[in-house]
Amino acid sequence: MRRRFLRPLFILAASVAIPVAANTLVVAEVSSGNLIEFEGGFAVHLAGVWVPDPITPIGRQAHEFVKLRIEGKRVAVFTWTTDNTAAGIVHGEDGLAFATIVYGRGLSEKGSGTDIAAELLELGYARVDPEHLPDGYEHYREIERRAKQQNLGLWAP
């Protein structure tokens, strides 16, 4: 899929106080367990997690898991910002923003839906990326700890 970056449109949306429902996008393609592309060409990395490359067995499982859950579906996208402004959006070295993606029922209600990154951690398909872990997501460490204790995914002997 050809990537076109429509940052100005998304940045404008991110800088205005709007309801959660207004921050929803349709997932066009899941390129890997950690790279999500939306209709219109906007793409993000999942914030707070590192997912193995899809050429590895766990990476392939993670990729398929994310595809089944969100590809072609409307999701809530919360870009990681350092100061709640468009200027504070955190980008990776490749220029893509980091974001949390929530899917499922109740996207229009604050706190509803399922965090795809948390699910990847629960299954051991990802590990916490401390360099890209937003404030308020320390619970990811506990989710990862439980997956390690259960020897799931990356933590399997």
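Say we look at region 26-42 and pick out the residues that are of a type in the set (A, V, I, L, M, F, W, C) and modelled with pLDDT of 95 or more; which of these is surrounded by the fewest Cβ atoms within 10 Å (Cβ to Cβ)? For region 26-42, the residue satisfying everything is Val26.
Remark: pairs (first residue in region 125-146, over 20 Å from Pro57 (Cα atoms); second residue among the charged types (D, E, K, R); Cβ separation under 7 Å; 6+ apart in sequence or on different chains) = Ile143/Glu122.
Within region 32-43, the set of residues being out of contact with any strand residue (DSSP E or B) (no Cβ under 6 Å at 6 or more places or on another chain), more than 21 Å from Thr82 (Cβ to Cβ) and in a loop (DSSP other than H, G, I, E, B) comprises Gly33, Gly40, Gly41. Checked against (1) modelled with pLDDT of 95 or more; (2) not in a loop (DSSP other than H, G, I, E, B), Ala13 meets all criteria but (1).
Residue pairs whose Cβ atoms lie under 9 Å apart, sitting 6 or more positions apart in sequence or on different chains, and linking a residue in region 55-84 that is among the acidic types (Asp, Glu) to a partner that is surrounded by fewer than 17 Cβ atoms within 10 Å (Cβ to Cβ), are Glu71/Glu29. Exactly one residue among Thr79, Thr24 is out of contact with any helix residue (DSSP H, G or I) (no Cβ under 6 Å at 6 or more places or on another chain) and among the polar types (S, T, N, Q), and that residue is Thr24.
The set of residues in region 55-82 that are buried (at least 21 other Cβ atoms within 10 Å of the Cβ) and not β-branched (Val, Ile, Thr) comprises Ala62, His63, Ala76, Trp80.
To keep it simple, each residue is scored yes or no on (1) over 19 Å from Arg69 (Cβ atoms); (2) modelled with pLDDT of 95 or more; (3) crowded, with 20+ Cβ neighbours inside 10 Å; (4) among the aliphatic types (A, V, I, L, M).
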| position | (1), (2), (3), (4) |
| --- | --- |
| His91 | yes, no, no, no |
| Ser112 | no, no, no, no |
| Gly136 | yes, no, no, no |
| Gln150 | yes, yes, no, no |
| Leu154 | no, yes, yes, yes |
| Pro157 | yes, no, no, no |
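The values are calculated or read from the model by the stated rules, or taken from the named source; none is laboratory data. If you're wondering where the values come from, they're calculated on a predicted model, not measured in any experiment. Positions of Cβ are backbone-derived with ideal geometry, glycine not excepted, and every protein chain shown enters the neighbour counts.
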